[in-house]
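Values in this text are rule-based calculations from the coordinates and carry no lab data. As the structure is a prediction and not an experimental result, all values here were calculated from the model. Neighbour counts run over all protein chains shown; Cβ positions are idealised from the backbone, glycine included.
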Amino acid sequence: MVSASSVEIRKVNKHYGTFHALKDIDLVIPPGKVTCLIGPSGSGKSTLLRCVNFLEEYDSGEVLIDGTMIGYEAPGKKMPGRKLREMRRSIGMVFQQFNLWPHMTARENVAEGLIRVRGLSKSEAHRRAADALAKVGLADKMANHPSRLSGGQQQRVAIARAIAMEPRLMLFDEPTSALDPELVGEVLNVMKTLASEGMTMVVVTHEMGFAAHVADQVVFMEKGELVGVDSPDRILHHPEDARIQSFLRTYHERNSF
Amino acid sequence: MFSISVFLESFGPLFWAARYTLLISVLGIGLGLVIGTLICAARLSPYVWLRRFAMLWVSFLRGVPLLVQLLVFYYTLPVIGLDVPAMVAAVVTVGICASAYISEIWRGAIAALPKGQAEAAIAIGMTPQDVWIRVILPQAFNLSLPALINELILLVKASSLVSVVGILEITRASQAQAATTFRPLEVYIAAACIYLLINLCLAVLGRYLEHRTAI
C-alpha cells in the first residue's frame, strides 16, 4: 500500500454570490482514516469535499494536502495548471452520478487516466485496468459500456477508475445516493475493503450505517458551518448538539416503518 | 405531353454535373467543420474578445442569405486583386456559411453534456486538451450527428445557389439542358430526382452512423 495522505482544512470560506456556502471551516483529516461528512442537504458537505481537490475554488483559507496548499500558491494567487494536475493525480474522486464516460468500455474508462495522465503504454494500462476491475469484482464486465451496467456496477467501475491511479486520498461524493437500495451494499463493500487497506477516505454520505461502522471520525455540517467532529459513536449515538439530535431524529423517522 | 425519353436522357448530363454538387457539399461541410469547431472553441473560450468575434461571425453568416454571400464574395475577390477559380470561391463561401451553423450545433451538443463528464477527467488530472479531445468532443460528435447530417443535406440543396457564379452543378446544368431541349418540365423533374436520390443516400448513411455510434 502506498502512503496515505492527510488533509488539513484551515479557515476555509466559500461564497456563491451573496450566499455563504462554507463558513470558516477548520478540519483535520488524518492519514489512513475514514472521515464521513454528514448533514442535511445544502449544508455544504459536497462543496467542502470538492474544495479538497479544488474542483470547487474556495475564496479564502487553506486546504493542505500533506502540507501543500492545493489550488493556490499563496493566498489569492492561483497555482499553475500543471502543478494542480500533479496534485490531483494522487487524489481519487467518486461522484454521485458515477460520471463514467459512456463512449468507452469499463476497461477503457479505467485505462484512460493511466494512459493520458500517468503516461503508461496502452497494454500496461489495460493490464492494470483489468486488475482494478477485478478488485471491485467486475472482471467479467470489462468489455461492457456503462449503459450495459447496473448503477452499482457503474459506481464500482468509477471506484476502479480512481484506485487504478494509485491515489493516496479518496473523495466520495454521495457515492450511493443515486443507487437503487438493493445496489447500495455492493458499493459500500468495496469502500469498506478500501478503508481496511488504510486508504485516507473522505465520504459525503447519507448512509448512517456506513458512517457508524466504518468511519473513524464523523463530521456534521449544517448551513455551511461545521457543527461537530467526533467519533461515530459520539456523533451518531450520543450527540450533544441540538442540531445533530434534530437531524438524526428526522433521519430515524424517515427510515422507520 | 410529358416526354419520357427527354426525361431519361437528361439524367446523363445531370449525373455528370452532380459531381460538382457533391464536391461542393462535401468540401463545404469539411471546411465548415474545421472553421465551425474553431468558432465554437472561440465562443466557449474565457477571452471576451474571442467570444465576441465568434458571436459576430455566427450572427453575420446566419443573417445574410447564402446567395448574397456568394455574390459578395465572388465579386469582392477581383476587387482586392485575387484571381480565384469560381469553384474555390464557391467551396470557401459554402464552408464559411456552414461553419456558423456547425459551431452552433457543437455548442448545443457540448452544453447538453453533463458537467460531471469533464469533472471526472479533471479530477484525475487530465490536461484541458485531453478533456476536450478524449471526453467532450467524441460525445458531442455522437450527439450532434443527426444535426450534422441534416446540415449536409441542407448544403447539398443550398449548393444549387453556386450556379450563379457559373459552376455547372445540377441546377445550372439543368437550366442549360432545359434551354437546349425546350423541355424544362422533364429536365427539372430529372434534377429533382437526382437531388432526392443524393439526400436519401445521405439520410441512410446518417442512420447507419448513428446506429454505429449508439451506446
Item to complete: For segment A:88-134, enumerate the residues that are closer than 23 Å to A:GLU174 by Cβ and part of a helix (DSSP H, G or I).
Response: A:ARG88, A:ALA106, A:ASN109, A:VAL110, A:GLY113, A:ALA132, A:LEU133
Discussion item. Is it the case, given these coordinates, that A:GLU186 is of a type outside the set (Gly, Ala, Ser), within 14 Å of another protein chain (Cβ to nearest Cβ) and more than 13 Å from the chain's Cα centre (by Cα)?
Written reply: no
Worksheet item: Only one of (1) without any contact (Cβ under 8 Å) to a residue 40 or more places away in the chain; (2) over 26 Å from B:LEU113 (Cα atoms) fails for B:VAL135. Which number is that?
Response: (2)
Response to the item:
Those strands (runs of 3 or more DSSP E) completely within segment A:162-257 that have 3 or more residues that are buried (at least 20 other Cβ atoms within 10 Å of the Cβ) are A:169-173, A:200-204, A:217-222
Response to the item:
Going through segment B:119-165 in order, the residues found to be hydrophobic (A, V, I, L, M, F, W, C), touching an Asp or Glu at 6+ places or on another chain (Cβ under 9 Å), farther than 30 Å from B:LEU197 by Cβ and part of a helix (DSSP H, G or I) are B:ALA121, B:VAL135
Fill in: Residue selected from segment A:135-152 under the condition among the charged types (D, E, K, R) and crowded, with 17+ Cβ neighbours inside 10 Å, by the criterion nearest to A:GLU174 (Cα to Cα)
A:LYS135
Practice prompt. Give me a count of the residues in segment B:71-92 that are without any contact (Cβ under 8 Å) to a residue 60 or more places away in the chain and within 22 Å of B:ILE39 (Cα to Cα).
Written response: 3
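Okay, residues lined up against (1) in a strand (DSSP E or B); (2) touching a His at 6+ places or on another chain (Cβ under 9 Å); (3) surrounded by fewer than 21 Cβ atoms within 10 Å (Cβ to Cβ):
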| position | (1), (2), (3) |
| --- | --- |
| A:LEU22 | yes, yes, no |
| A:ASP26 | yes, no, yes |
| A:GLY42 | no, no, yes |
| A:THR47 | no, no, no |
| A:ARG50 | no, no, no |
| A:TYR58 | no, no, no |
| A:GLY61 | yes, no, yes |
Discussion item. Please go through segment A:56-114 and give me each residue that is away from chain B (no Cβ under 12 Å) and closer than 30 Å to A:ALA143 by Cα, ordered by number.
Written reply: A:ALA106, A:ARG107
